[in-house]
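Take a look at the structure below.
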Amino acid sequence: MRNLDNLSNFIQLVEVSPRDGLQNEKSLVPIATKVDLINCLSAAGFRHIEVGSFVSPKRVPHMADTEAVFAAIDKKPGVTYSCLVPNEQGMQRAIGCGVKTVAVFISASEGFSKANLNCTIAESLRRIDPVMTLAKQHAIAVRGYVSCVLGCPFDGAVAPAQVSAVAGELAAMGCYEISLGDTIGVGYPEQVKSMLAVVTEKIAVQKLAIHCHDTFGRAVDNILAAMELGVGVIDASVAGIGGCPYAKSATGNVATEKVLAMLAAKGLAHGVDVAKAAAAGQFIASALGRVVNP
């Protein structure tokens, strides 16, 4: 029997399908489809939905319409509608839209940072600094993402101490929460626990979230390992859409439906209507021309 004594009775899910799920699709997804997806997720009871990102349209064409999407969605009271921002320019766009929560991102590995962000880890931290300054000026909450915490497609294994150092920088800069990502889905539960044991020496577990990709079908086990150490925030994507462009065999993000089933089996509350979440998954899968197993 797994021990979840370190865990609170409520698990928060951060639904990332509108951003992380759609950003790598081969064909552009219409604004109306994105808006309908987000409204379905709101109706399902998700308390945090990542709407899109203010990145360069040339680099990520799928996110070029984030302003329009954010303006068109039905915003429910008590729900956080966040957007990813890579730099000061992206933050200015977020401010212009009235976004109240943003996310910044950094890699735990130099190889992935150079491939994905075209800069070193130190340079990416410098890009984030003006974002944090603007966030304080405009009372905007900032969430941090750390990618490649369990392995990198370029550098291989990533030391827990490196993850802790990078996550610690984000926390020191003012991020209210740090999401630790197994970006290419190569990790095992034992690695999750080893990594978290080091990270929690510097950052309270209550400020951490887990973000797993399901490349080899171990995402739910990895999430459960994090939960056993007290992590109570889980990033997930309905229908398991999304993934990393640098992991060619990746099947995508962990499916929200799988996470909800695991939480139900453990008797943990999450505040999400399971049937409505499944319907949202079926909707976006159908829009993308895919089939989701019930």
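Can you name the residue in segment 83-105 that is β-branched (Val, Ile, Thr) and crowded, with 22+ Cβ neighbours inside 10 Å and is also nearest to residue 128 (Cα to Cα) among such residues? My answer is 104.
Exactly one residue out of 69, 16, 51 is β-branched (Val, Ile, Thr) and either in contact with a Ser or Thr (Cβ under 6 Å, 6 or more places away or on another chain) or surrounded by fewer than 18 Cβ atoms within 10 Å (Cβ to Cβ) (or both): that is 16. For residue 139, the requirement of being over 17 Å from the mean Cα position of the chain (by Cα) and assigned to a helix (DSSP H, G or I) is not met. The helices (runs of 4 or more DSSP H) falling completely within segment 62-116 that include 3 or more residues that are at pLDDT below 95 and more than 15 Å from residue 49 (Cβ to Cβ) map to 110-116. Counting the residues of segment 251-265 that are within 12 Å of the chain's Cα centre (by Cα) and surrounded by fewer than 20 Cβ atoms within 10 Å (Cβ to Cβ) gives 0.
Suppose the filter is touching a residue at least 12 places away in the same chain (Cβ under 8 Å), closer than 25 Å to residue 12 by Cα and more than 19 Å from the chain's Cα centre (by Cα); does residue 73 pass it?
So residue 73 fits the description; yes.
Of the residues in segment 7-34, how many are of a type in the set (Val, Ile, Thr), under 19 Å from the mean Cα position of the chain (by Cα) and outside any loop (DSSP other than H, G, I, E, B)? Number of matching residues: 1.
So, in segment 145-155, of the ones that are of a type outside the set (Ser, Thr, Tyr) and within 21 Å of residue 225 (Cβ to Cβ), which residue ends up surrounded by the fewest Cβ atoms within 10 Å (Cβ to Cβ)? Out of the qualifying residues, it is 151. The set of residues from segment 45-61 being of a type in the set (D, E, K, R) and outside any loop (DSSP other than H, G, I, E, B) comprises just one member, 50.
The values are calculated or read from the model by the stated rules, or taken from the named source; none is laboratory data. Please read these numbers as outputs of a predicted model, since none were measured by experiment. All Cβ positions, even for glycine, are placed from backbone atoms using ideal geometry, and neighbour counts span all protein chains on display.
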